[in-house]
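*Asks:* I have a structure I would like to understand better, so I am pasting it below and will then ask my questions one at a time.
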Amino acid sequence: MKSELKSFKRLLSPDYPECSERDHYDDEGHNRVREGVLKITLHILTKMNQTDLLLVNNNNYFLCSELMPVYQQKLKSRLQDKYQRINEGMSNHGDSTHLNEIYTELYITEGGSGEVSNEHEVRQIETVSRRPETQETPINCNDIFKPSPGQDKPIRTVLTKGVAGIGKTVSVQKFILDWAEGKANQDVHFIFPLPFRELNVIQKNLSLVELLNHLHPESKEIKSADYDGYKVMFIFDGLDECRLRLDFQNNLSLSDVTESASVDVLLTNLIKGNLLPSALLWITSRPAAANQIPPECVDQVTEVRGFKDPQKDEYFRKRISDLSLADRIITHIRSSRSLYIMCHIPVFCWISATVLERMMGKAESAEIPKTLTQMFIHFLILQTKLKTQKYDGNYEINPRQARKTILSLGKLAFEQLEKGNLIFYEEDLKESGIDVREVSVYSGVCTQIFREEFGLQLVKVYSFVHLSVQEFLAALFKLLSSSEQNKGLWNMFRSRGSDHMFMTSLLKGEVDKALQSENGHWDLFLRFLLGLSLESNQTLLQGLLRKTVSSSQCNQETAEYIKQKIRENCSPEKSINLFHCLNELNDRLLEQEVQTYLSRAGARRLSRELSPAQWSALVFVLLNSEEKLNEFILSKYDPSEECVMRLLPVIKASRKAE
């Protein structure tokens with residue numbers, strides 16, 4: 001029977017030499033011979049109870065399953081080889097880990113308002129960390145194309161949003177690997193990953209078939225007419241990294257998969273459904289870039305939320321083989337609210353595990369980091385040491401070489417942050433004074449800070465492993481370069497009044513700049529800048545960088561300036577960031593005052609006794625408490641309109657308020 005079916009397939013092939021001579025068409029142009037043979041095949045397979053060998057599409061029948069060409073297996077095999085290992089923050093495959101060994105389930109929710117958020121992503125993470133899990137529908141990554149109960153319309157296009165480092169690309173990797181290994185979505189015949197990083201560098205016109213042939217050689221064996229007969233999925237990862245002009249309004253309409261056009265035209269027609277309307281599309285994006293896709297082109301929106309609290313613990317226990325050490329690290333992370341909130345981001349969990357495993361595992365005498373700035377300082381030192389051992393064969397850091405490298409990367413980080421760029425090309429490196437010929441050394445200095453990836457045609461694409469790493473290096477560069485302008489970069493540690501005034505003025509100016517940013521894009525940068533201004537944190541960097549001008553008086557004046565801004569009744573989001581800034585400066589007086597009120601005074605006295613700054617501190621304390629705000633008892637507080645308005649951020653973050 002298999003032999004007979006193969007002969008049918010051969011006869012039906014457009015490449016069969018006698019096919020064109022023996023074709024007979026009716027008045028409507030239908031091939032009667034082909035239809036007749038298909039009907040006979042359908043009848044035979046139905047009598048044999050072998051209908052699983054058939055794929056029904058648009059009322060046409062196609063042979064599949066055991067008759068599926070071997071190129072499907074070739075594609076699965078190559079994708080399995082490519083996606084089965086994960087490189088956490090690095091591009092060196094020698095240091096990779098098998099994805100299935102370390103993968104921790106991410107929290108993904110179904111649905112979304114479709115609203116675009118331009119807020120800084122750390123601000124979004126902090127908001128999500130306070131959000132109770134109400135009316136949210138969690139969804140398994142492998143089920144994102146399955147309609148919800150009661151939903152009749154099939155899902156063609158899924159848009160998945162999530163902040164940088166939250167796990168979008170890892171979700172894509174796991175989805176593809178599960179398909180390639182035969183674990184999920186086996187009704188899909190072909191999955192073609194098309195990352196925007198690779199699409200960006202294709203300059204020439206080509207057809208959709210040629211594009212697929214270029215990126216996925218296995219597709220060369222698929223005839224253009226067969227794409228409508230197979231269930232095909234395209235995955236477009238990283239819409240926020242797209243440098244193509246996706247003009248959905250004015251791009252030419254295209255419906256022929258063999259017709260050539262620019263890549264952006266191909267993409268807009270695929271997404272609109274002009275090209276291969278039966279194909280499934282999965283697009284991932286950071287929230288601020290998601291509005292590039294017209295809402296009418298999206299059937300379902302999902303959001304990757306990263307790790308919930310149990311998954312944070314699970315990650316550390318998977319990542320660190322010594323379970324006793326893992327538990328101690330988890331306890332330490334939980335003791336710092338700012339660190340624990342950031343651990344919603346899987347990349348930050350990896351950074352924390354990298355630092356704390358070394359520090360706590362070897363019982364180093366250095367103080368264990370408790371703030372974001374301290375964590376990133378230790379991370380930078382650790383990676384610089386790893387580079388020295390790996391590339392130079394030494395165990396002592398060369399301060400001069402380290403300074404040169406860090407300042408070059410810091411310049412790149414700061415300049416690209418001002419432009420809003422998260423991915424860079426060789427010309428961007430050159431502009432920052434980075435010698436492209438020595439790029440492997442830069443990649444080595446920051447093996448796990450600075451990722452190097454290859455796109456098409458050997459074009460290299462670079463990025464910091466997370467936005468927060470870029471912001472940390474940008475803040476470090478800002479502090480050092482500003483000091484250099486004042487009196488010379490490496491000869492500036494003499495205490496003078498002018499130095500003190502200069503540093504205070506610099507920090508106050510950056511506070512104002514962050515407050516003027518409506519979307520909070522400079523919030524985390526400011527936290528790092530203030531943290532780096534502390535003499536204690538500069539001491540940690542002595543092996544790499546000389547100290548800048550700083551003093552306790554400068555930090556006190558900056559802290560008082562921040563408190564003044566809090567008293568001016570800025571928005572709750574800005575107040576929250578300013579309190580994080582005070583924490584970086586080790587100033588918690590406002591918080592302590594409020595804690596004293598909460599412990600000594602009755603709740604109803606609060607509205608009469610708290611100043612505007614103390615109200616802001618109360619909101620910060622309540623939002624960042626260890627307990628989830630499942631129910632906020634508003635009636636315990638003074639029943640005045642002022643009290644309700646002051647506590648509105650807490651009310652919004654609570655599941656229930658009475």
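The values are calculated or read from the model by the stated rules, or taken from the named source; none is laboratory data. Here the structure is a predicted model, which is why all the values come from computation and not from measurement. FYI the Cβ positions are ideal-geometry reconstructions off the backbone, even for glycines, and counts take in every protein chain you see.
*Asks:* Can Val650 be described as modelled with pLDDT under 70 and either β-branched (Val, Ile, Thr) or assigned by TED's automatic domain parsing to the domain that holds Gln516 (or both)?
*Replies:* Here the answer is no, as Val650 does not meet what is asked.
*Asks:* Could you list all residues from segment 570-587 that are at pLDDT 80 or above and not in a helix (DSSP H, G or I)?
*Replies:* Of everything in segment 570-587, those that are at pLDDT 80 or above and not in a helix (DSSP H, G or I) turn out to be Leu585, Asn586, Asp587.
*Asks:* Please determine, by comparing only the residues of segment 459-474 that are outside any loop (DSSP other than H, G, I, E, B) and not hydrophobic (A, V, I, L, M, F, W, C), which one is nearest to Leu412 (Cα to Cα).
*Replies:* Gln470
*Asks:* Taking the stated definitions as given, is Val188 surrounded by fewer than 20 Cβ atoms within 10 Å (Cβ to Cβ) and within 17 Å of Phe234 (Cβ to Cβ)?
*Replies:* Taking the combined requirement at face value, the residue satisfies it.
*Asks:* When both residues are 6+ apart or on different chains and their Cβ atoms are under 6 Å apart, which pairs have a first residue that lies in segment 308-334 and is farther than 18 Å from Thr97 by Cβ, and a second that is surrounded by 19 or more Cβ atoms within 10 Å (Cβ to Cβ) and of a type in the set (Ser, Thr, Tyr)?
*Replies:* The qualifying pairs are Lys308/Tyr107; Ile333/Tyr340; Arg334/Tyr340.
*Asks:* Taking segment 269-304 as the search range and keeping residues that are surrounded by 20 or more Cβ atoms within 10 Å (Cβ to Cβ) and among the charged types (D, E, K, R), which one is farthest from Asp237 (Cα to Cα)?
*Replies:* Step by step, filter segment 269-304, then rank; the result is Glu303.
*Asks:* Kindly list the number of the only condition in (1) closer than 29 Å to Phe196 by Cα; (2) part of a helix (DSSP H, G or I); (3) in contact with a helix residue (DSSP H, G or I) (Cβ under 8 Å, 6 or more places away or on another chain) that fails for Thr284.
*Replies:* Only one criterion is unmet by Thr284, namely (2).
*Asks:* Among the aliphatic types (A, V, I, L, M), surrounded by fewer than 18 Cβ atoms within 10 Å (Cβ to Cβ) and more than 18 Å from Gln73 (Cβ to Cβ) - does that describe any residue in segment 253-266?
*Replies:* no
*Asks:* Now for a separate question. Can Arg334 be described as within 24 Å of the chain's Cα centre (by Cα) and over 22 Å from Leu524 (Cβ atoms)?
*Replies:* Considered against the rule, which asks whether it is within 24 Å of the chain's Cα centre (by Cα) and over 22 Å from Leu524 (Cβ atoms), Arg334 comes out as no.
*Asks:* Quick one: which of Phe307, Phe248 is surrounded by 19 or more Cβ atoms within 10 Å (Cβ to Cβ) and in a loop (DSSP other than H, G, I, E, B)?
*Replies:* Phe307
*Asks:* State all residues of segment 310-330 that are of a type in the set (Asp, Glu) and either in the same structural domain as Gln249 (by TED's automatic domain parsing) or in a helix (DSSP H, G or I) (or both); if no residue qualifies, say none.
*Replies:* Asp313, Glu314, Asp327
*Asks:* For a quick check of your reading of the model, give me the residue pairs whose first member lies in segment 389-417 and is under 16 Å from Leu476 (Cα atoms), whose second is surrounded by fewer than 17 Cβ atoms within 10 Å (Cβ to Cβ) and modelled with pLDDT of 75 or more, with beta-carbon atoms closer than 7 Å and at least 6 apart or on different chains.
*Replies:* Close Cβ pairs (under 7 Å, with a partner that is surrounded by fewer than 17 Cβ atoms within 10 Å (Cβ to Cβ) and modelled with pLDDT of 75 or more) amount to Ser408/Gly433; Lys411/Gly433; Leu412/Asp428; Gln416/Asp428.
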